[in-house]
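The next block holds one structure in the form of structure tokens; read it before the comments.
The values are calculated or read from the model by the stated rules, or taken from the named source; none is laboratory data. Being a predicted model, the structure only gives us computed values, none of them experimental. Note: ideal-geometry Cβ built from the backbone for every residue, glycine included; neighbour counts use all protein chains shown. The area values use the complete protein model at the heavy-atom level, side chains included, leaving out ligands, DNA and RNA. Shrake-Rupley method; radii C 1.70, N 1.55, O 1.52, S 1.80 Å.
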Amino acid sequence: MSNIEREAMEYDVVIVGAGPAGLSAAIRLKQLNEDLNVVVLEKGSEVGAHILSGAVLDPCGLDALIPDWKERGAPIKTAVNQDNFYLLGEAGQVRVPNFPMPPLMNNHGNYIVSMGNVCRWMAEQAEEMGVEIFPGMSCSELVYGENGEVKGVVAGEFGKNPDGTPSEAYEPGMELLGKYVLISEGVRGSLAKEVIAKYDLSKGRDVQKFGLGMKEIWEIDPDKHKEGTVTHTMGWPLGGNAGGGGFIYHAENNQVFVGFVVHLNYQNPHLFPYMEFQRMKHHPMVAELLKGGKRVAYGARAISEGGYQSMPKAAFPGGALLGCSVGLVNVPRIKGNHNAMLSGKAAAEHVVEALKEGRAGDTLEGYDNELRTGAVGRDLKRVRNVKPLWSKLGLTASLALGGFDMWTNNLFGFSIFGALKHGKTDAAATGKAADFKKIDYPKPDGILSFDRLTNVSFAATNHEESQPSHLRVADQNVAIEVDYKQFAGPSQRYCPAGVYEFVGEDGEAPKFVVNFQNCVHCKTCDIKEPSQNITWTVPQGGDGPNYPNM
């Protein structure tokens, strides 16, 4: 539908995504030049609707961007006052002491926050400076210039029939054009995928790796609540089946953020990440904390885990990638928001410098260089071997060797391992079903653990059913002959929202069913499907989860 005529609006800078990276870029642009015309386009129904709440924030990014954020009333109140690490067994736990851990693992000075609320506050700061922010505006296409550069996006397209043809209510959307386009869609965004492929931005870089993070917000007994306490767990229930672990953050108002991360390079296609999360809550230590409480929200998202060696080139003709569109999560720290903010700030500074020089539509080479050699690159480079060590050697060995590697990087600025490779993509790491045992999971009890569809209702996700599915299956035959018959249909299990089913009577060939209305936009299907037969794209604006203001 690229031949459709659309109205166009011109800006100095177009930013895709109102997360911490995009909003930081918008704020910094206006700090440096209040006369710039800046627009931020957000696919969620409001800013923060697609930001899964509950994180431990290193404030260094916000300190650099808005030094007086405390005086301005930022919703960042709960300082970390206790830091716990536990190695879990099925019936008990061993606390890992803090003293042997590298200083970078210390959460002193960090805050337990709702990133949804932080982003809402950042949006208010940006709008006060004159930034235009349009929520409910999915960016479905890139617009290219005569020389092949990105010069804008198509946003606000509505009213397609399920087969993709225009309905009577079709709205073609608008072209929003900029001298530079900054893409901050989060992990595995569709526009970022397109520019990475078009400009070969991953050439010479390692494959990107991912995890699946699932999270629930609970209100618990005030007598058990310890505001400011951070707990991370490893070991049970995953054991040797996959890398990952759990976390429990005690926030304000007797709330705790309870979550679980599963590294997506697991081999056994019978693994069920969502049920591993539900099982974790039955560990005696966790169950005792949650007993008598209630779950009030649920969500899930993919996490970039490749780190320094997997970062694609972040600049391309006409724009730049920011935040998780590059992959800036520090895996052992389980933190990326600070780097997202720093990337947005750096990109804005290089855009302003280019505009001063009369440039537009070129490649911001200085930004890419700063990202790799500046504060963000230094943060990621010193932990670059933790993830590949864990993947290759397992939990126990990686704890020792990964810790040693972080210490040598911290003390001496080098690693005896150099830069280890990740190996296969997460999709290619998936083994054939016949080579692995099935895993039996206990049925959720409805008190501590819940079935997926019940939990998805607590994400308040919604998609207009008359639109085309935003989850594109390239070949139904491949879904059956390859993914179902060879890999036992792993999409039935890796999806944390119950989107995918293989339906059929006994003795009949199954049909692959996509319940796209359930989707919480985690993008796991785009990452983990062994045949790479599923592509995640944006639905129409405003659809998807609506995470609460908590």
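Convert 10 °C to kelvin, take the viscosity as 1.306 mPa s, use the Kirkwood radius over C-alpha pairs of segment 411-529 as Rh, and evaluate the Stokes-Einstein diffusion coefficient in µm²/s, rounded to a whole number.
Here the translational diffusion coefficient equals 93 µm²/s.
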Of all trypsin sites (Lys or Arg not before Pro) in segment 482-550, which ones are in loop regions per DSSP and have a Cβ with at most 15 other Cβ atoms within 10 Å?
Lys485
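Helix-only mean residue ellipticity at 222 nm, the chain, DSSP H runs n ≥ 4 weighted -39,500 (n - 2.57), per residue, nearest 500. What is it?
Per the formula, -7000 deg cm²/dmol.
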Bins of 5 Å, beginning at zero and ending with the bin holding the largest distance: percent of Cα pairs per bin for segment 117-206, please.
3, 11, 16, 20, 18, 16, 11, 6, 1, 0
Considering the Cα trace of segment 42-84, what is its radius of gyration and what is Dmax, both in angstroms?
13.0, 36
Taking the Cα centre of segment 54-164 as origin, sum charge times position over the Cβ atoms of Lys and Arg (+1) and Asp and Glu (-1), and report the length of that vector in debye to the nearest 20.
500 debye
Can you send over the carbon and sulfur percentage of the accessible area for segment 243-381, probe radius 1.4 Å, protein chains only?
47 percent
If R0 is 60 Å, what FRET efficiency do you get for Ala360 and Glu508 from their C-beta distance, rounded to 0.05?
0.55
Excluding Ile439 itself, what net charge comes from residues whose Cβ is under 15 Å from its Cβ, given Lys and Arg +1 and Asp and Glu -1?
+1
Just need the relative contact order of segment 331-400 here, percent rounded to a whole number, with Cα pairs under 8 Å and 6+ apart.
35 percent
With label points built 7 Å along Cα→Cβ from the Cα atoms of Asp475 and Asn84, find their separation and express it in nm.
5.1 nm
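Below 8 Å between Cα atoms, with a sequence gap of 6+, how large is the relative contact order for the chain in percent?
Computed value for the chain: 20 percent relative contact order.
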From the C-alpha gyration tensor of segment 105-160, pull out the three semi-axes of the equivalent ellipsoid (sqrt of 5λ each), sorted largest to smallest, in whole Å.
33, 17, 14
Lysine pairs in segment 121-241 with Cα distance under 18 Å, only those 8 or more apart or on different chains: how many are there?
5
To one decimal place, what orientation-averaged projected area in nm² is obtained for the convex hull of the Cα set of segment 226-315?
8.2 nm²
Please identify every one of the GluC sites (Glu not before Pro) in segment 440-504 that sits in a loop by DSSP and has no more than 11 other beta carbons within 10 Å of its own beta carbon.
Glu465
The whole-number value in µm²/s of the Stokes-Einstein translational diffusion coefficient for segment 357-441, with Rh from the Kirkwood sum over alpha carbon pairs at 4 °C and 1.567 mPa s, is 81 µm²/s
Hydrodynamic radius of segment 66-120 per Kirkwood, over alpha carbon pairs, in Å:
13.9 Å
Cα centroid of segment 252-289 to Cα centroid of segment 450-519, whole Å:
22 Å
Hey, what's the chain come to in accessible area per residue, 1.4 Å probe, Å²?
40 Å²
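What size of dipole, in debye to the nearest 20, comes out for segment 433-550 about its Cα centre when the only charges are +1 on Lys and Arg C-beta atoms and -1 on Asp and Glu C-beta atoms?
Dipole size: approximately 360 debye.
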What translational diffusion coefficient, in µm²/s and rounded to a whole number, does the Stokes-Einstein relation yield for segment 440-497 at 10 °C and a viscosity of 1.306 mPa s, taking the hydrodynamic radius as the Kirkwood radius over Cα pairs?
112 µm²/s
With an 8 Å cut-off on Cα pairs and a minimum separation of 6 or more residues, tell me the relative contact order of segment 69-154 in percent.
23 percent
Qualifying GluC sites (Glu not before Pro) for segment 1-39 [loop in DSSP, other Cβ within 10 Å: at most 15]
Glu5, Glu34
Report the gain in length on full extension from Phe414 to His108: 0.36 nm times residue separation, minus Cα-Cα distance, nm rounded to one decimal.
107.7 nm
I need the semi-axes of the equivalent ellipsoid of segment 173-250: take the C-alpha gyration tensor, multiply each eigenvalue by 5, square-root it, list largest first in whole angstrom.
38, 21, 10
Leaving ligands, DNA and RNA out of it, rank His282, His50, His263 by accessible area with a 1.4 Å probe, largest first.
His282, His50, His263
Measure off 7 Å from each Cα along the Cα-to-Cβ vector at Tyr144 and Arg6, then give the distance between these two points in nanometres to one decimal.
1.6 nm
Percent of alpha-carbon pairs separated by more than 17 Å within segment 19-64
46 percent
Using the per-residue mean of other Cβ atoms lying within 10 Å as a proxy for protection, in what order, highest first, do the peptides 22-28, 325-331 fall?
22-28, 325-331
